[in-house]
Amino acid sequence: MTEARRAFEWFLGRNDLGLALYDAGTGGCRDGLHADRLSQNQGAEFTLAFLLALAEKQALQNTLASFKGPTGK
């Protein structure tokens, strides 16, 4: 789970530039990083990649929680 969280957090600013690619205001995601800045493009591909990464992370969390049982232990 640690690796999945770390990979997902790349979109939220845990990357070489420390900048978030995901924009909560628009729901979009920048198309990547340049050496010194974010890409200004917000295409569907990276937005979909963000949403898929979010869904996979949540599915993994749900799977892990189901193994722990209703009390979370």
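The values are calculated or read from the model by the stated rules, or taken from the named source; none is laboratory data. The shown structure was predicted, so the numbers you read here are calculated from the model rather than taken from an experiment. Using ideal geometry, Cβ is built from the backbone for each residue, glycine included, and neighbour counts are taken over all protein chains shown.
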(message) Based on this model, can you work out whether Gly28 counts as in contact with a helix residue (DSSP H, G or I) (Cβ under 8 Å, 6 or more places away or on another chain) and of a type outside the set (D, E, K, R)?
(response) yes
(request) Kindly check whether there is at least one residue in the stretch 54-63 that is exposed (fewer than 11 other Cβ atoms within 10 Å of the Cβ), over 11 Å from the mean Cα position of the chain (by Cα) and in a loop (DSSP other than H, G, I, E, B). (result) no
(message) Residues that are touching a Lys or Arg at 6+ places or on another chain (Cβ under 6 Å), in a helix (DSSP H, G or I) and surrounded by 11 or more Cβ atoms within 10 Å (Cβ to Cβ): does the stretch 28-41 have at least one?
(response) no
(message) For the stretch 47-68, which positions are within 16 Å of Ala24 (Cα to Cα) and touching a helix residue (DSSP H, G or I) at 6+ places or on another chain (Cβ under 9 Å)?
(response) Phe50, Ala53, Leu54
(message) Any residue in the stretch 1-12 that is farther than 10 Å from Lys57 by Cα sitting within a Cβ distance under 9 Å of a residue that is assigned to a helix (DSSP H, G or I) and at pLDDT 85 or above? List the pairs, counting only those 6 or more apart or interchain.
(response) Trp10/Ala53; Phe11/Phe46; Phe11/Ala49; Phe11/Phe50; Phe11/Ala53; Phe11/Leu54
